[in-house]
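The values are calculated or read from the model by the stated rules, or taken from the named source; none is laboratory data. Just so it is clear, the structure is predicted and the values come from calculations on it, not from any experiment. Every residue, glycine as well, gets a Cβ built from its backbone with ideal geometry; the counts of neighbours run over all protein chains shown.
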């Protein structure tokens, strides 16, 4: 059944000029296709925050030390982060998944894991390798991290979650994401490296150099020549455990009928890996917002999925997703709740006006 055509026809019968709600109608059509209904719902939404460390922080690519990853995990568990506040304001659940944080929060702060925020700790390894000097992870470790993301989607579906946001936390992950994106799109590092946690111009130049060194070391980018590494090979060599988990979540979404939302730069790059590995996965994917991080424009162009919001944000965590989900709820309500010209006894001439 062509749910897209049915949804557009249903929207055009609503008491409004045709297509007058702009992108809201496009979102409603996409939700209809994912849920196979003309009455889509986003009653239960969740944001999964995947956390992991990156060895590349040893190269001085971040304004914050690696220890901040674990500290922020504790902050999530205490509902003190931006995503925590925004999710609570909009009736969205948050769960935290430790895919590979160096410090085990269960040992460092066991009280935090008992405060009511759902916490899962399938730690694959204690942080990804330093991509300037070694692979981020082995192929088996990458697969295991992807399986964590797939299990997160399966758990959401079993709980009745219709929309799952894909957030992340990991000091150094903008560097890893820039490296993955540069390799996938065969772009120079300077085009995709951004300020991340707020580095200055000298730091930005150094970060680009680190990414170039990583690309050269792993033989995934050459001047004037195309590389042959698969998207998942690139992910294992240059990415991170939380990126791999998000990739696995995007790949699993169609199997479970769940819509997933990539948040910002990092999660969009991970989603791009998934779509390059299996193009039909794009059918269940939304993008929350356009990040101010430099490489995000290139990632969005490659995905060809328009972001729902553009607020100049670049925090990550799933913070943009917490604001985008209410927009999706509104889109679903338009298709589900609005009266038609016939049911409201409104002249269909309104629908003919532009």
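For the stretch 65-79, which residues satisfy the criterion of being over 19 Å from residue 115 (Cβ atoms) and in a loop (DSSP other than H, G, I, E, B)?
65, 66
Among residues belonging to the stretch 24-35 that are out of contact with any helix residue (DSSP H, G or I) (no Cβ under 6 Å at 6 or more places or on another chain) and surrounded by fewer than 21 Cβ atoms within 10 Å (Cβ to Cβ), point out the one that is nearest to residue 307 (Cα to Cα). Steps first, please.
Taking the stretch 24-35 and keeping what is out of contact with any helix residue (DSSP H, G or I) (no Cβ under 6 Å at 6 or more places or on another chain), we get 26, 30, 35.
In the following step, the residues that additionally are surrounded by fewer than 21 Cβ atoms within 10 Å (Cβ to Cβ) were identified as 26, 35.
On the way: 26: 12, 35: 20 Å.
So, considering only residues that are out of contact with any helix residue (DSSP H, G or I) (no Cβ under 6 Å at 6 or more places or on another chain) and surrounded by fewer than 21 Cβ atoms within 10 Å (Cβ to Cβ), the one nearest to residue 307 (Cα to Cα) is 26.
Within the stretch 299-311, is there a residue that is crowded, with 17+ Cβ neighbours inside 10 Å, free of Cβ contacts under 8 Å to residues at least 40 places away in the same chain, assigned to a helix (DSSP H, G or I) and in contact with a strand residue (DSSP E or B) (Cβ under 8 Å, 6 or more places away or on another chain)?
yes
When you look at residue 116, is it on the phi > 0 side of the Ramachandran plot and without any contact (Cβ under 8 Å) to a residue 40 or more places away in the chain, yes or no?
Here the answer is yes, as residue 116 does meet what is asked.
Please enumerate the residues belonging to the stretch 245-267 that are touching a helix residue (DSSP H, G or I) at 6+ places or on another chain (Cβ under 6 Å) and in a loop (DSSP other than H, G, I, E, B). I'd like the intermediate steps shown before the answer.
Step one: list which residues in the stretch 245-267 are touching a helix residue (DSSP H, G or I) at 6+ places or on another chain (Cβ under 6 Å), which gives 245-254, 256, 258-267.
Listed by number, the residues that qualify are 258, 263, 264.
Would you confirm whether any residue within the stretch 247-262 is surrounded by 24 or more Cβ atoms within 10 Å (Cβ to Cβ), under 13 Å from residue 170 (Cβ atoms) and either touching a strand residue (DSSP E or B) at 6+ places or on another chain (Cβ under 7 Å) or at pLDDT below 95 (or both)?
Scanning the stretch 247-262, I find no residue that is surrounded by 24 or more Cβ atoms within 10 Å (Cβ to Cβ), under 13 Å from residue 170 (Cβ atoms) and either touching a strand residue (DSSP E or B) at 6+ places or on another chain (Cβ under 7 Å) or at pLDDT below 95 (or both), so the answer is no.
Of everything in the stretch 312-346, what is free of Cβ contacts under 8 Å to residues at least 60 places away in the same chain, outside any loop (DSSP other than H, G, I, E, B) and exposed (fewer than 15 other Cβ atoms within 10 Å of the Cβ)? Give them in sequence order.
337, 343
Residue 150 versus (1) assigned to a helix (DSSP H, G or I); (2) touching a strand residue (DSSP E or B) at 6+ places or on another chain (Cβ under 6 Å): which is the lone unmet condition?
With (1) assigned to a helix (DSSP H, G or I); (2) touching a strand residue (DSSP E or B) at 6+ places or on another chain (Cβ under 6 Å) applied to residue 150, the lone miss is (2).
Which condition from (1) surrounded by fewer than 22 Cβ atoms within 10 Å (Cβ to Cβ); (2) part of a helix (DSSP H, G or I) is the one that residue 56 breaks?
Failed condition: (1).
Keeping to the stretch 90-113, report how many residues are in contact (Cβ under 8 Å) with a residue 40 or more places away in the chain, farther than 23 Å from residue 160 by Cα and assigned to a loop (DSSP other than H, G, I, E, B).
Residues in the stretch 90-113 being in contact (Cβ under 8 Å) with a residue 40 or more places away in the chain, farther than 23 Å from residue 160 by Cα and assigned to a loop (DSSP other than H, G, I, E, B): 2 in total.
For the stretch 1-51, name all the residues that are under 21 Å from residue 90 (Cβ atoms) and not in a helix (DSSP H, G or I).
Correct list: 21, 40, 41, 42, 43, 44, 45, 46, 47, 48, 49, 50.
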